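Before I ask anything, let me first share the structure, which is written out below as structure tokens.
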Number of protein chains: 2
Amino acid sequence: MTTDLYNKKMILQNKQRDGLIWAAAKLFRRQGYSGTGLRDILAASGAARGSLYHYFPDGKEEIGAAAVTAAGGLVTETFTELAKQSDSPADFLHRYTELLVRWLEASKFRDGCPITTTLLETTPASRPITVAGQAVFADWLAALAAMLARHGWPADRRAATATAIIAGLEGALMLARVQGSAQPIHDTAQALCILLEMPEKESL
Amino acid sequence: MTTDLYNKKMILQNKQRDGLIWAAAKLFRRQGYSGTGLRDILAASGAARGSLYHYFPDGKEEIGAAAVTAAGGLVTETFTELAKQSDSPADFLHRYTELLVRWLEASKFRDGCPITTTLLETTPASRPITVAGQAVFADWLAALAAMLARHGWPADRRAATATAIIAGLEGALMLARVQGSAQPIHDTAQALCILLEMPEKESL
């Protein structure tokens, strides 16, 4: 096979594999990991029957872990991109919650965090999914800690503040879905902003 | 039937029904709603096969809603009890997170919030479970708002502060399960305590 043909084949294969992963991630986000069958993933992706076993020989857990990694990676990219555009930690939070609310409302409160439901259903029982979740959270925390560092947040408080931001947003997303309202996100963001705007940052 | 016999029968029936609900709540908490079969619930409760259909003629969604109501109600009671014993909102939060961490560690990080997983899997698609979740969150928010009121928190900020506390704790519980560590709960509680101990409460 020439290099060109080989490259084309690899691109096609990656495209098929990605199609399966994103179809899975969308379904898991809306109806959970256990509530989504392999058939649903195949139907949503339009991939051929055999492709699931070809790309994910270890079965559903392997797709679950790949979906957590892919969807979590997209959030990390969003964090990093917004951090570049933000003037302060509070400004970052405003921009991110604006995005969250827009997504949530567009989906009529059906699409929350793309990885939480899967993680709560499978952690710590599934080792591959737990490991994928841990890696995603480590990336999120690192992205937020870097953003806080850029705005002069004390080094010894960055990790805890980043954790509190992620915890607050995750919990708020869950409350928003159940209540069918963006209010919990606005309330939580407001509380987090007060923390982020405190003049004596050293005290946090 | 004499009143005595009738009462005894009612107590026994309620006991069987409660047994099914709590067995379901425990399983949903650990492995999710979709991942738990009616068979698992029957086996865990030790109830007779027919009893599920007798007490829950509408099937699994009815058990799901009852489990959310029961487990959520226990949290409301805990909030109310701890609020009575607490000297300040921050003291309340310390007491509650101490309980959370003890439960989580005792279960080796398998048992998180007893209702979140089920709600994320089923909301808003399942109307009965969504409604049960909304009622539970309304009770939690009311219990926390009453606690804040008792300690002089401004009336117009109670609902938002209570929401931020619940969001932070829910998100922290999820992070703690995935990371297999209580650190996210400690970090989030510390951030929330700073908010709760701010001298100018009016600014929140």
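The values are calculated or read from the model by the stated rules, or taken from the named source; none is laboratory data. For clarity, every value in this text was computed on a predicted model and none was experimentally measured. Counting neighbours? That spans all protein chains shown, and the Cβs are built from the backbone with ideal geometry, glycine included.
Scan (1) on the phi < 0 side of the Ramachandran plot; (2) more than 7 Å from every other protein chain (Cβ to nearest Cβ); (3) without any contact (Cβ under 8 Å) to a residue 60 or more places away in the chain for the single condition B:Thr118 breaks and write down its number.
Of the numbered conditions (1) on the phi < 0 side of the Ramachandran plot; (2) more than 7 Å from every other protein chain (Cβ to nearest Cβ); (3) without any contact (Cβ under 8 Å) to a residue 60 or more places away in the chain, the odd one out for B:Thr118 is (3).
Can you name the residue in the stretch B:83-115 that is within 14 Å of another protein chain (Cβ to nearest Cβ) and of a type in the set (Lys, Arg) and is also surrounded by the most Cβ atoms within 10 Å (Cβ to Cβ) among such residues?
B:Arg110
Among helices (runs of 4 or more DSSP H) lying entirely in the stretch B:56-151, which contain 3 or more residues that are among the polar types (S, T, N, Q)?
B:60-85, B:116-122
Still on this structure: Would you mind telling me which numbered condition in (1) closer than 21 Å to A:Asp40 by Cβ; (2) at pLDDT 95 or above A:Lys84 fails?
Only one criterion in (1) closer than 21 Å to A:Asp40 by Cβ; (2) at pLDDT 95 or above is unmet by A:Lys84, namely (1).
Let me ask something else. Could you list all residues from the stretch B:95-133 that are out of contact with any Asp or Glu (no Cβ under 9 Å at 6 or more places or on another chain), of a type in the set (Val, Ile, Thr) and either farther than 14 Å from B:Ala24 by Cβ or modelled with pLDDT under 95 (or both)?
Selection gives B:Thr97, B:Val101, B:Thr123, B:Thr130, B:Val131.
Would you say A:Phe79 is touching a residue at least 12 places away in the same chain (Cβ under 8 Å), within 12 Å of chain B (Cβ to nearest Cβ) and more than 17 Å from A:Ala25 (Cβ to Cβ)?
No, not satisfied.
Also: Kindly provide the set of residues from the stretch B:31-49 that are surrounded by fewer than 18 Cβ atoms within 10 Å (Cβ to Cβ) and under 22 Å from B:Cys113 (Cα atoms), ordered by number.
Once the filter is applied, which keeps residues that are surrounded by fewer than 18 Cβ atoms within 10 Å (Cβ to Cβ) and under 22 Å from B:Cys113 (Cα atoms), the stretch B:31-49 yields B:Gly37, B:Leu38, B:Asp40, B:Ala44.
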